[in-house]
1. Quick one: which helices (runs of 4 or more DSSP H) sit completely within segment 167-217 and have at least 3 residues that are surrounded by 15 or more Cβ atoms within 10 Å (Cβ to Cβ) and in the same structural domain as residue 32 (by TED's automatic domain parsing)?
2. Keeping to segment 64-98, report how many residues are over 22 Å from residue 185 (Cα atoms), in a loop (DSSP other than H, G, I, E, B) and aromatic (Phe, Trp, Tyr).
3. Name every residue in segment 123-175 that is out of contact with any strand residue (DSSP E or B) (no Cβ under 7 Å at 6 or more places or on another chain) and more than 30 Å from residue 374 (Cα to Cα), in order of residue number.
4. Considering only segment 327-350, I want to know if a residue exists there that is buried (at least 18 other Cβ atoms within 10 Å of the Cβ) and at positive phi.
5. Could you please find all residues in segment 118-140 being of a type in the set (S, T, N, Q) and buried (at least 24 other Cβ atoms within 10 Å of the Cβ)?
6. Return only the number of the condition from (1) crowded, with 23+ Cβ neighbours inside 10 Å; (2) over 19 Å from residue 214 (Cβ atoms); (3) touching a helix residue (DSSP H, G or I) at 6+ places or on another chain (Cβ under 6 Å) that residue 560 does not satisfy.
7. Go over the candidates 485, 553 one by one and state the one that is free of Cβ contacts under 8 Å to residues at least 60 places away in the same chain, in the same structural domain as residue 362 (by TED's automatic domain parsing) and surrounded by fewer than 22 Cβ atoms within 10 Å (Cβ to Cβ).
8. Quickly run through segment 54-69 and pick out the residues that are surrounded by fewer than 24 Cβ atoms within 10 Å (Cβ to Cβ) and more than 15 Å from residue 125 (Cα to Cα).
Amino acid sequence: MRLRLALAVALSALLGAAPAHAAQVSQNIRFTASDGDSLQTTISGEAPLGPRPVIVEFSPYGRGSGTLDPGPDYNFLLVQTRGTGDSDGRFDALGPRTQADVAEVLRWACGQPWSDGSLGLNGFSASAITVYNSLHEQLPCVKAAILKSGTFELYRDLIWPGGINNLAPAAGVMGLIGAPALEQGGDRLKRNPASGADVALGLNQAGLSGLLHSTLDSWWKERGFRGDVNHLPILMIDGFFDVESRGAFQGYQQLRGDGAHLAVVGGHDGAPAGTDAGVGEARAWLDRYVRGIGNGVEDHKKVQLWLSDGRREDYLKGQFVRYDGDDWPVPGTRWASLNLDPARAGGGHSLNDGSLTIAAPSASARQSFAALPSPPNAADVPNAAIVGASGANAITGPLPVLTNMTTAEPLGLGYTTRPFASDVLSAGPASLELRLSTTAPETGIWVVISDVAPDGTANPVATGRLSTAYPDVDVGRSLRDPDTGAIVQPYGDYSRKSPATPGRERLYRIELWPIGNRFRAGHRLRVHVLGASAASMPQTPSIDTARVGAGSGSRLLLPVLPGSDLRDALR
């Protein structure tokens, strides 16, 4: 029940207050897929239930789990994914059979008496992933989509980011899916006594397969984006602290040629006070593309950003910075190269208290730490955010030590800039290039960027992670700085493992999920290098040694928005 409550809280942040409408009616309809399995669908709308544009959502979370009230001019069709809720069949982790269901249901819905032949798609989390995974299928009658907080590549964006198993949210997702399937199991067994074994087997197989397929193999490729033959205009909505934030940015970059827009205002992590979490933009998007109303939403800035202002909890209270652009990364973004320097910065509580400098370091050093599990409440920003939105913020607000880096920092290495002389706006993908050796064939490198307030409190604002068994990147699919050619968004190669030779240095490029933060004048930026979060699959304990300073090549590539000058701020 706690997991279902967590989802409900997250959804309420996205939905806002539902507008008052006339009496609503709904009708449960069984849909039979081409393989004979029966799916539960529910059509709802204002009475009488006549032909209108229909917004369709495919959800594994059971009855009543729709995540958008599109308004009185639409009907809403909730489809319970096969093998979940009250639908028969085997859950296939949103794989090929579910994707075929999407196309078949849409073809059926298009011709129903409650449809006027125009369909839109809505998705949040798993229901958004279902759509991303299905865009290579012909989707009849669909005019547009709203996708919120969903992964673009399930392996990279949620279950195995950086090749490290994200065990806690993976287990949470399976719990959220399994609970309504169990709850509605009685109804299903009365209707179809033979369905129980299929449903149970599918859920178990999906959970085990996610753990057993540790490399990005064909199983995972079938559960990620494989092209969009429909060329739909899609609005992506997510937050910088979301547990699946990478997906929205990747989705936008891939689909911007078809008119995609990106609003980074909140997802599972909650939305800032004073915003509507993107609900107004979503409704305008549907009106424009599904109903054909010329409201000008297509002329809004393609990328709308709500940046944090030093601390996630303050961001949720409404302390944010607005910045819009015509693309992602924002045109004119430059990546500052900040060197990991062994010279002591002062004020840090890590094992080494190193510096982060623009100038080339004069000394070099090898600095070691024990790669032990780091506390997820502090170092694991995306997972801490979803727990926070589920109610933990009521505790962490008055007790900030629970989510700042006070408890995590002493476990690893840290590198800190001088205080900024002026504000610096940072938004975009970031990368840490780290020359490192380890005593284990495989362990996890965990990286956190924090905003250090004048009182010395370090608040995490971005996270990156990489298993040491994956040192290679796909250069052709990596993003480069247009000025220097440096890889600023490494696209890791997770197709096969290359275990580390104990004691031998390798250069690792650690992708940090997109950052969006204002570092105020008087604040500092700190990079923390730690053992993997305790919320991830247990890693092999090891002693890791980073080589930093002169000749090492260890550096942070930090995105800086137009109008900010990092070099001047660190003068």
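The values are calculated or read from the model by the stated rules, or taken from the named source; none is laboratory data. Just so it is clear, the structure is predicted and the values come from calculations on it, not from any experiment. As a convention, Cβ positions derive from the backbone with ideal geometry for all residues, glycine included, and neighbour counts pool all protein chains shown.
1. Values: elements: 167-183, 185-191, 195-212.
Correct list: 167-183, 195-212.
2. From segment 64-98, those over 22 Å from residue 185 (Cα atoms) are 67-76, 95-96; that's our starting set.
Narrowing further to those that are in a loop (DSSP other than H, G, I, E, B): 67-74, 95.
Adding the requirement that they be aromatic (Phe, Trp, Tyr) leaves 74.
The total comes to 1.
3. 134, 135, 136, 137, 138, 139, 140, listed by residue number.
4. Scanning segment 327-350 turns up no residue that is buried (at least 18 other Cβ atoms within 10 Å of the Cβ) and at positive phi.
5. Residues of segment 118-140 of a type in the set (S, T, N, Q): 118, 122, 125, 127, 130, 133-134, 138.
Result: 122, 125, 127, 130, 133, 134.
6. The number of the failed condition is (1).
7. Selected residue: 485, the only one of 485, 553 that is free of Cβ contacts under 8 Å to residues at least 60 places away in the same chain, in the same structural domain as residue 362 (by TED's automatic domain parsing) and surrounded by fewer than 22 Cβ atoms within 10 Å (Cβ to Cβ).
8. 63, 64, 69
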